[in-house]
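> Take a look at this one; I'll ask things after.
No value in this document is a laboratory result; all are computed from the given coordinates. The shown structure was predicted, so the numbers you read here are calculated from the model rather than taken from an experiment. In this analysis, Cβ positions are derived from the backbone assuming ideal geometry, glycine residues included, and neighbour counts consider all displayed protein chains.
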Amino acid sequence: MTADPAPAPLARHLAGRLDDAEAPVLVLSHGITDSAACWIEAIEHWAPRHRIVALDARGHGDSPRWDNADLKNQETAGRRLAADLSDALEDLRSHGLRTSPEEPSVGPLRAPLLLVGHSMGGVTSLDVAYHRPDLVDGVVAEDPAFVTPTWRALLRANAFRQVAGMKGIAKDPEARFTAETTENPTWSHREVRASVEASCGVDLRFIGLGCVSPPTPWEEVVDGLAVPALIITGTDGVVLRGDHYLNLLSRRNPLISTSVIVDAPHCVRRTFPERFHAVSDPWMEMIIARGRRAGRAA
């Protein structure tokens, strides 16, 4: 019996100090319905000192659409989210920065590598770091989508509303752009434009599952994480609010740092970029310096 072909790899967008083999690497994973293009302001901010790999999640941006086998339920889709990121990291570590696995290898990547993710991308980054600590040196997660079993059920039951919302955006993207920029005056117009375009092209079959994370319980991920992580959240309708945030703090993993940016919503960085970077950047530099001192086996 012939095995099913492996799913096609995610699209990668490279930026920053690509000619500097010693420059640390940031691998960016966006939230649901966004794309790699939605990181444009952060990419320009980090590019002078880092090499950057911005990924389009499956069914988003330039990445392949979803295979039916992975869309059976939330668990199979969530496992594919994690596998996609793990596969990309394995290729980067083994063959260096290249836009596609079909390109010639440029040799193993030994520079420090940090994952940076928002929402779905944040929790997926933490999940992969938990299961594959050999691939990463640290994680920055912006209001990661830590959901409980009850939340998963509610997301599944209400996914049709998000599908309808995406269809509505596709019918009138300019109205969505105007609404977003009016309601969120500090948001970069370039990122809002990219977000609207990504919403118009997202794979609605995935959206219809209500899947926002890999299936591993977030408590297991937080308790077992063996690489440093910084979790940044806000106070205005964020995922990590109230008792949920206190539950995170109670896990007491010494490798996890947290920061709350007052008045920030779920899109912390897009709303308060200066405050986000004031927290994230010094922490990242500390982890990068630690990674350089530790080095990687030849």
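> Indicate the gyration tensor shape class of the chain (rounded, prolate or oblate), computed on the Cα atoms with a ≥ b ≥ c the square roots of the eigenvalues: a/c under 1.5 is rounded; otherwise a/b larger than b/c is prolate and the rest oblate.
rounded
> Report the gain in length on full extension from Ser257 to Ala8: 0.36 nm times residue separation, minus Cα-Cα distance, nm rounded to one decimal.
Numbers: separation 249, 0.36 × 249 = 89.64 nm, distance 3.47 nm.
Length gained, Ser257 through Ala8: 86.2 nm.
> Over the range 12-294, what is the percentage of antiparallel beta bridges among all DSSP beta bridges, to the nearest 5?
Restricted to the range 12-294, the bridges split so that about 15 percent are antiparallel.
> Using a simple spin-label model with points 7 Å from Cα along the Cα→Cβ vector, what separation in nm is obtained for Ser250 and Asp236?
Placing both labels 7 Å along Cα→Cβ, they lie 2.9 nm apart.
> Name the residues whose placed amide hydrogens come within less than 5 Å of the amide hydrogen of Ile231, ignoring near sequence neighbours (fewer than 5 apart) on the same chain.
For Ile231, the qualifying residues are Ala141, Ser257, Thr258, Ser259.
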